[in-house]
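Please read the structure below before turning to the comments.
Where a number appears in this text, it was derived from the coordinates with a stated rule and is not lab data. Not measured: the values here are computed from a predicted model. Cβ atoms come from the backbone with ideal geometry, glycine included; neighbour counts cover every protein chain shown.
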Amino acid sequence: MQWSLSFLLFCFLAVVHALSSSGNRLLVVLEDAAEKDLYFTFWSDLEARGYDLVFQSPKSDQLSLFDLGERAYDHLLLLPPRSKGFGPSLSPKNIVDFLNKDGNVLLALSGKSTTPSAISSLLLELDLHLATDRSSVVVDHFNYDTLSATDKHDVLLLQRPGQLRPDTKAYFDGEGVLALPNAAPHTLGDNSLVAPILRAPATAYSYNPKEDVGAVEEVWATGSQLALVSAMQTRSSSRFTLLGSVESLQDKWFSATVKTPGDGKETTTANQEFAKQLTAWTFKETGVLKVGKIEHHLAKDDLTSEDLNPTIYRIKNETVFNIEVSEYSYDKFVPFEVPANDALQLEFTMLSPFHRLKLEPSSRTENSTIYSAQFTVPDQHGIFSFRVNYKRPFLTNIEEKHEVTVRHYAHNEYPRSWKISGGWVWIAGLWSVIGGFLAFVFVWLYSEPTSAKVKKTQ
Amino acid sequence: MAESPLDVLLKGNSGRTTRGLLRFIILATIAAAAVSSRLFSVIRFESIIHEFDPWFNFRATKYLVQHGFESFWDWFDDRTWHPLGRVTGGTLYPGLMVTSGVIYHVLRFLTIPVDIRNICVLLAPGFSGLTALAMYFLTCEMTTSPSAGLLAAAFMGIVPGYISRSVAGSYDNEAIAIFLLVFTFFLWIKAVKNGSIMWGALAALFYGYMVSAWGGYVFITNLIPLHVFVLLCMGRYSSRIYISYTTWYALGTLASMQIPFVGFLPIRNSDHMSALGVFGLIQLVAFADFVRGFIPGKHFQRLLTTMIIVVFGVAFVGLVVLTVSGVIAPWSGRFYSLWDTGYAKIHIPIIASVSEHQPTAWPAFFFDLNFLIWLFPAGVYMCFRDLKDEHVFVIIYSVLASYFAGVMVRLMLTLTPIVCVAAALALSTILDTYVFATNGPNPRAKANEDTSSEGLRSARKPDVGITSYFSKTVMTSSVVVYLLLFVAHCTWVTSNAYSSPSVVLASRMPDGSQHIIDDYREAYYWLRQNTAHNAKIMSWWDYGYQIGGMADRPTLVDNNTWNNTHIATVGKAMSSREEVSYPILRQHDVDYVLVVFGGLLGYSGDDINKFLWMVRIAEGIWPDEVKERDFFTARGEYRVDDGATPTMRNSLMYKMSYHNFNSMFQPGQAVDRVRGSRLPAEGPQLSTLEEAFTSENWIIRIYKVKDLDNLGRDHNTAVAFDKGNKRKRATKRKGPRVLRTE
Amino acid sequence: MPSASSSASGASLSSGPKTLTTNSSIYDIAHTVWQQYLATTPQRTLLLDAFMAFLVLVGGVQFVYCVLAGNYPFNAFLSGFCAAVGQFVLTASLRMQTSGSSTSTSTSSVGSGAKGKGKKGISVEGGAEEGAVSHERAFADYVFGSLILHFFCINFIN
């Protein structure tokens, strides 16, 4: 008991100190302990950023992603296995479960060894496709490092990726050249959760060094159809990154000097910076959005706390909706800015949207932006919902849904008849009837005796 | 020996008061019998609301009691018809809820704390006692014989046709509506007889109350004008008719327009046009009659012809123009289905799908009315014998109600009162004829069932023919036997057929003891306790009110079938493949799907048996996507076993019903006890839903709708992956590859 | 005019003026009816008729206005119009009960029905027993009915 309590406390403290927005327990699966030294700079970079690294061999008995049904680690870094696969505790199903429980995975492959079929089938579930032979490398005769791969042309030199689309943020950009030795290529399916981070150049192609050159008959994919680094973000915003070249993380390539065939100028690689960006994104240090307060209320000036977030509106009410969004950037939340070509939108939906409005930033706090929109509730009663559905590559998903009831006019909210000028005629008619009736009753009662007399005389 | 004190009691002035007292006691006894015979269900089961509609009424009443009348009036119900909601306050007949609300508050004021549920449960029996009373008054207007009134009251009190809708717990509009119907008719007859504005106004007030209580008020709206019209055609116009009808119509129409649900219908809807037409007609007739007082016949004829031609021409053109231009709504669908029994089946499956709207089977008449059904024509004949205005009313009522009762089971209810009146007339005539055939000592005494004294009296005077001792004995005793049989039949029917709450099922164990099957409540309480307060439940509309009432969860559709498209959407979701249904479920925010399955127990009222109606209703809206034909085999059979069509076996309803059903049996031995067929060896696979709850006898099965797959796969693939099946790359890509552009 | 009224007042209702021939025009007939009416109606019934004429006028004006200007607050139109119509029929009923019985008592002591004549067969007996509703009772009923009517109308027009 004592132990578990202190463990909890420890975890809590660890989380507080962690830089990632979702914990710092990082499991590194490394088959050969000797290889660990090759990546020394990489490990120390991670540790410097607050991660608590645990190294395990895939064959180890203690290796388990889960502890009593809960995640035992927050993040998982998989280096390519030598043998046939990762073993039973890292089966594709376990890794998918890990993703479903909001764990983040960075999987690095290498073109040097054949990728195990278990990994291939895991990637298939994520709609990432490897070449059928699973042992190709990307070769490019125009963008290779003339210093280290003069013959094989399999060390690719690439510019760092910029914006993927005009409406996304660039998390991997910067100056410098990336060197990707022995990159295993993959292609992307049409799953919208998958986004490429780094594509191969148009002149690249996939080549299997173990087969004869002439044997390549069916071209699987070429050029920039081949992706080298890709990201998959699940609906629950857990992240999976596939890195085609594990060697690019090695110390050797962090500070290598490379030379492109064209101009022949020697430069140092930006691999270290890129690795930082890649792990930071994968382990949720960047591109994490958080929704703060959500408020909706009638558009009026004197608001009390009871007026906030009512459960019921009336048709044609004037309504204001506010949402507070902040973005996590390495170690703190900062106000979220929507990319220039994009918009954060509010939908007012019942079965289909009745309103789709752009949320404009109305105010800004120290670490969040408040977006708001004002609109008139449509002339349709029902159960509506305020929805903010913002899903962009590299940003965690915002899917907010707040149900409110929109009711009809109550019977005493319609204009009274006397307020409608058209009704005056009939009101006058009604009252003249009633007045006539009263007058008649009086006259009748007054005339009673005479009439009775008349009757008698007749 | 015995008759001398009786004679003293029953004769003269003291006799009048004695008879009055007796009559009062008998009426009180009848009312008590009427109430107590309806309590079977409470004794057998418990004090619980029955069936489907009463659950809504109960829920509405609770709302009314809790939130007060004002907010009840404006009630927007966001827990039904998700996500459309329902303007409940403006689309219901509030009479029932307001009545029990008033009773509740009166009792509270008298410091009698009563649970509102008990008021609701016992409202129908209470009002049935009042109905018996109203019946007495109505029948007394028809005949001079006091025994007829008492007989009619007794019949009304225990006749199964009425008990069927008014047992304790059957908290439905009909519970008070039949009382109002009978009482309104009584007031109307009174008005016609007296020609007084007051009775007419009272009739209008009760008509207004009736309008607020039941949609069947249209029956009164059409019957009274028809009565007046027939009287006019018979040349019986009199100022009494003018006074009573115009008063009733003017006040009654205004009163009915006060109900928001009815609103402008009385002047817009064709159902109400006959009343308006007769109103206009009687004005003309009155005017003509008035003018006739001044001029000789021949001139009057000419004047009349001119007037008639002009007026009818104008009226006809006006009606056509208004109907074509849409100012007057066309006849409502339910009304059409009254005239043409095939109409509903073709055009409005939703109306035809309700079992209450099916044509009546012949045995049902005898079952519900017993020997009254053959006394009924005799009673109508009695009315022809002395044809006063009120008898014309009885005849018209009989003819109309008989027809309607033949068309719709539910309208048996409107037939019942007039059957009681007519049968009581006939029976009392028989009794009067036989018992007082000779100038007996007390010709005006009531001749209910005191045969012993009658027999003794006639023993003194043996005679031939109907006055003979023998024939009197035979007649009276046979009548008594019939009456006793009737009582026995009523009791039997009530206790066996009409006292089941249908929420709780009862079955007999092999040893004869009663076994309660409580799956409905089990499931509803599961929902209540294990799901989020706002979890949306999709089920077929039959169970909407119960889910709303017992589980207190929002539903998509319920028994108030105001939106056919929405119901068809549910029907489509149930009858389509999972891939089609799932987006529908997502779009409507459905969290759980509830189906009723009787296959394990042999409970025939389950969803597979109702399934074809879902298909038909969905087909009405999406004829291209749902086709009833696809659910039948090539030989036109509706099957669930190996021979079932692929459409059937892929439909969501089939999958949900038979999901895991195989696991209850030995391999290959799964048998559906309702359809009596052996099921396929391999059960259906569900991928978009997962089983959440199945009740003890599998009657209710609840499924949870899965969220979208976290990895963006479709559900089939995800389920296959979870089961450990390796995905074949070859099956992955069909057609040309899609290139990503970014 | 006065001469016609004096001559007709004593005569039975069925015998019209001699000037009317069998083939006289509709207009003539109508004219005669009017003459007859003025002649035979007691003063109090005239009062009733004046009130009814007023109601017809009010109702007619409302209806015409509705046709011309549209019926936007439909409930207002309905309650205004229905008030006029309802009051009219109630007044007509009152007229029948009062004037009808007065004429019947004045013309025939037996009182064979509310209308005095023009009815046949069985219904006459029905009329006879009800014919004599006292004026006070009729008037009380009338007020009762009218009050209900007004209540509904005012509620409906809100």
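Rg then Dmax, both in Å and based on the Cα atoms of region B:241-318: 15.5, 50. Lys-Lys pairs in region A:234-350 that are eight or more residues apart or on separate chains and whose Cα atoms lie under 20 Å of each other come to 8.
In region B:91-121, which residues have a backbone nitrogen under 14 Å from the label point lying 7 Å from B:LYS62's Cα in the Cα-to-Cβ direction? Answer for region B:91-121: B:115-121. In chain A, a dipole from Cβ-located charges (positive for Lys and Arg, negative for Asp and Glu) runs towards its positive end, and of A:SER385, A:GLY176, A:SER91 it is A:SER385 whose Cα lies farthest in that direction.
Angle check, please: helix A:2-17 long axis (alpha carbons) against the longest principal axis of chain A (alpha carbons), in degrees 0 to 90, nearest 10. Helix A:2-17 sits roughly 90 degrees off the main axis of chain A. The Cα-based radius of gyration of chain B, divided by its Kirkwood radius, gives an Rg/Rh of 1.04. With r defined as the distance between the Cβ atoms of A:ASP302 and B:VAL481 and R0 fixed at 56 Å, what FRET efficiency is calculated, to the nearest 0.05? The pair A:ASP302/B:VAL481 has a calculated efficiency of 0.10.
Taken as Cα centroids, region B:540-617 and region A:259-319 sit 40 Å apart, rounded to the nearest whole angstrom.
Using the number of other C-beta atoms within 10 angstrom as an exposure proxy, rank B:TRP55, B:TRP541 with the fewest first. Intermediate values should be presented prior to the final figure.
Values: B:TRP55 23, B:TRP541 26.
Placing the least packed residue first, the sequence is B:TRP55, B:TRP541.
The distance separating the Cα centre of region B:54-86 from that of region B:649-688 comes to 39 Å.
In this structure the amide hydrogen of A:TYR313, modeled in the peptide plane, comes within under 5 Å of the amide hydrogens of A:THR405, A:VAL406, A:ARG407, none closer than 5 places in sequence on its chain.
Farthest towards the positive end of the charge dipole of chain A, among the residues A:LEU430, A:GLN56, A:THR203, is the Cα of A:LEU430, using unit charges on the Cβ of Lys, Arg, Asp and Glu. Rounded to the nearest whole Hz, the Karplus-based 3J(HN,Hα) values (6.51 cos²θ - 1.76 cosθ + 1.60, θ = phi - 60°) of region B:391-401 follow the sequence 6, 4, 4, 4, 5, 4, 4, 4, 4, 4, 5, with x at glycine and proline.
Across region B:497-513, computed HN-Hα scalar couplings (Karplus, 6.51 cos²θ - 1.76 cosθ + 1.60, θ = phi - 60°) run 9, 10, 9, 8, x, 6, 7, 10, 9, 10, 9, 9, 6, x, 8, x, 6 Hz from first to last residue, x flagging Gly and Pro. Scalar couplings 3J(HN,Hα) for region B:649-657, obtained by applying the Karplus form with A = 6.51, B = -1.76, C = 1.60 to θ = phi - 60°, are 6, 8, 5, 4, 4, 4, 5, 5, 5 Hz; x denotes Gly and Pro. Taking amide hydrogens as placed 1.01 Å from N in the peptide plane, the amide H of B:VAL671 sits under 5 Å from those of B:LEU679, each at least 5 positions away in sequence or on another chain.
Given chain A, report the % of alpha carbon pairs whose separation exceeds 41 Å. Show your work: numbers first, answer last.
Details: 39551 of 104653 pairs.
In whole percent, the long-distance tail amounts to 38.
Translational D (Stokes-Einstein, µm²/s) of region A:288-407 at 20 °C and 1.002 mPa s when Rh comes from the Kirkwood sum over C-alpha pairs? Estimated diffusion coefficient is 144 µm²/s. By the beta-carbon count within 10 Å of each Cβ, the least crowded to most crowded order of A:HIS75, B:HIS588, fewest first, is B:HIS588, A:HIS75. Charging the Cβ of each Asp and Glu at -1 and of each Lys and Arg at +1, and nothing else, the dipole of region B:480-552 about its Cα centre rounds to 100 debye.
Could you size up the charge dipole of region A:288-407 around its Cα centre, putting +1 on the beta carbon of Lys and Arg and -1 on that of Asp and Glu, and report it in debye to the nearest 20? If you can, show how the numbers build up before the last one.
Numbers: 14 positive and 18 negative charges, 76 e Å.
I would put it at about 360 debye.
Panel order for A:GLU413, B:GLU522, by other beta carbons found within 10 Å of each beta carbon, from fewest to most: A:GLU413, B:GLU522. According to the Cα-based calculation, Rg over Rh for region A:278-357 is 1.08, with Rh computed by the Kirkwood formula. Close amide H partners of B:ASP558, meaning residues 5 or more places away or on another chain with modelled amide H under 5 Å apart, are B:TRP81.
Of the residues A:TYR371, A:GLY23, A:ALA149, the one whose Cα sits farthest towards the positive end of the charge dipole of chain A is A:TYR371 (charges of +1 on Lys and Arg Cβ, -1 on Asp and Glu Cβ, taken about the Cα centre).
The value for region B:502-611 of Rg(Cα) / (2.2 N^0.38 Å) is 1.16.
What do you get for Rg/Rh over region B:519-725 if you use C-alpha atoms and the Kirkwood form of Rh?
Working: Rg = 16.3 Å, Rh = 17.3 Å.
Answer for region B:519-725: 0.94.
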